[in-house]
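For reference, the structure discussed in these notes is given below.
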Amino acid sequence: MSEAIDQGHVDVTVDDRMVATIEFGHPMSNSLPGAILRKLAETITETGNRSDVKLIVLRSEGIKAFCAGASFDELISIKDLDTGKVFFSGFAMVINACRKCPKLIIGRVQGKAVGGGVGIASAVDYCFATKKADVKLSELAVGIGPFVVGPAVERKIGLSAMSQLAINATEWQTAQWAYNNGLYASLSDSEEMMDEEIERLVNQLSKSSPEAMAELKKIFWQGTENWDSLLVERAGISGTLVLSDFTVNAINAFKKN
């Protein structure tokens, strides 16, 4: 169990256009243990403050899943409220890092996104995806709920669509559904076509005014100023629920499937 929790990486590169690419990865479908969540939040914050960066592209490793959400191995290792709250606060840190980053963040979603992965896709400023990028908020099925990522998802696709995802927790919604509801700004038939579209926008934005982009981003995120406290409060709800027998049994059942 500890092996899976300790695995994963976050890397950043900056090209000559001052475009930073942040990539996260984990061998278990790009799931997110607490250490990777903290590293990802720190990297987004640090990169956003760099003077040699004008724009950020956020992506995950590989050609399959974009992000499987919370690490089940870590979830079932949580034995007390404080540990649970710290773990779920990791997702809050990533979303708030995206929110407060002064640079526009372009998302690249090559495959399926679950739970926290949907939250990350919702927290970027402009999201590209392929037709393989189906989405699911599976938290209710394991006795928790998308409490931490909920505000980011609701902000992007609206309460009605978010509630559909949250309630119908065992069913995938298609990438087309996510595009139609505003989670994805662009939908491509293949990764190659998606990357061409990303390059087109990145080239355009790399020539744009950093000050204008920063001011525009502030406007996009108006009304979320309370999220530093709100998302931590939500992490406490999840941290309490993850201790229940229902959740422990449900996660163990999921892991066997």
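Ser89 fulfils the conditions (1) out of contact with any His (no Cβ under 8 Å at 6 or more places or on another chain); (2) among the hydroxyl-bearing types (Ser, Thr, Tyr); (3) over 28 Å from Lys218 (Cβ atoms) except for a single criterion, (3). Checking each residue in the stretch 147-171 for being more than 16 Å from the chain's Cα centre (by Cα) and in a loop (DSSP other than H, G, I, E, B) picks out Asn168, Ala169, Thr170, Glu171. Of everything in the stretch 224-257, what is touching a residue at least 24 places away in the same chain (Cβ under 8 Å) and outside any helix (DSSP H, G or I)? Give them in sequence order. Selection gives Thr224, Val242, Leu243, Ser244. Among the numbered conditions (1) touching a strand residue (DSSP E or B) at 6+ places or on another chain (Cβ under 7 Å); (2) closer than 26 Å to Phe72 by Cβ, the only one that Met194 does not meet is (2). Look at (1) without any contact (Cβ under 8 Å) to a residue 24 or more places away in the chain; (2) closer than 30 Å to Asp15 by Cβ and you find that Asn168 fails only one, number (2).
If you take the residues in the stretch 226-257 that are charged (D, E, K, R) and exposed (fewer than 11 other Cβ atoms within 10 Å of the Cβ), which one is farthest from Ile95 (Cα to Cα)? Applying the filter and picking the extreme gives Lys256.
Residues are listed down the side, and each one gets a yes or a no for (1) touching a helix residue (DSSP H, G or I) at 6+ places or on another chain (Cβ under 6 Å); (2) modelled with pLDDT under 95; (3) crowded, with 20+ Cβ neighbours inside 10 Å:
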residue: Lys54; (1), (2), (3): yes, no, yes
residue: Glu61; (1), (2), (3): no, no, no
residue: Asp73; (1), (2), (3): yes, yes, no
residue: Ile78; (1), (2), (3): yes, yes, yes
residue: Ala92; (1), (2), (3): yes, no, yes
residue: Leu104; (1), (2), (3): yes, no, yes
residue: Gln110; (1), (2), (3): yes, no, yes
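Take the residues in the stretch 200-223 that are touching a residue at least 60 places away in the same chain (Cβ under 8 Å) and touching a Pro at 6+ places or on another chain (Cβ under 9 Å), then tell me which one is nearest to Phe91 (Cα to Cα). Taking the candidates together, the pick is Lys217. Cβ separations smaller than 9 Å between residues 6+ apart or across chains give the following pairs from the stretch 144-160 residues that are without any contact (Cβ under 8 Å) to a residue 12 or more places away in the chain to residues that are surrounded by fewer than 24 Cβ atoms within 10 Å (Cβ to Cβ): Glu154/Ala161; Glu154/Ser163; Ser160/Asn181.
Answer with yes or no whether Ile144 is surrounded by 24 or more Cβ atoms within 10 Å (Cβ to Cβ), assigned to a strand (DSSP E or B) and hydrophobic (A, V, I, L, M, F, W, C). No, not satisfied.
Scanning the stretch 172-223 for residues that are of a type in the set (S, T, N, Q), part of a loop (DSSP other than H, G, I, E, B) and loosely packed, with under 15 Cβ neighbours inside 10 Å gives Thr174, Ser190, Ser208, Ser209, Gln222. Residue pairs whose Cβ atoms lie under 6 Å apart, separated by 6 or more positions or on different chains, with the first residue in the stretch 173-187 and hydroxyl-bearing (Ser, Thr, Tyr) and the second assigned to a helix (DSSP H, G or I), are Tyr184/Ala178; Ser186/Glu197.
Consider Gly107 carefully, then state whether it is touching a residue at least 40 places away in the same chain (Cβ under 8 Å), touching an Asp or Glu at 6+ places or on another chain (Cβ under 9 Å) and in a loop (DSSP other than H, G, I, E, B). In short, no. Yes or no: Ala169 surrounded by fewer than 19 Cβ atoms within 10 Å (Cβ to Cβ), of a type outside the set (D, E, K, R) and in contact with a Leu (Cβ under 6 Å, 6 or more places away or on another chain)? For Ala169, the condition - surrounded by fewer than 19 Cβ atoms within 10 Å (Cβ to Cβ), of a type outside the set (D, E, K, R) and in contact with a Leu (Cβ under 6 Å, 6 or more places away or on another chain) - is met.
The values are calculated or read from the model by the stated rules, or taken from the named source; none is laboratory data. Small disclaimer: the values here were computed from a predicted structure and weren't measured. Glycine gets a Cβ as well: all are built from the backbone with ideal geometry, and neighbour counts include every protein chain shown.
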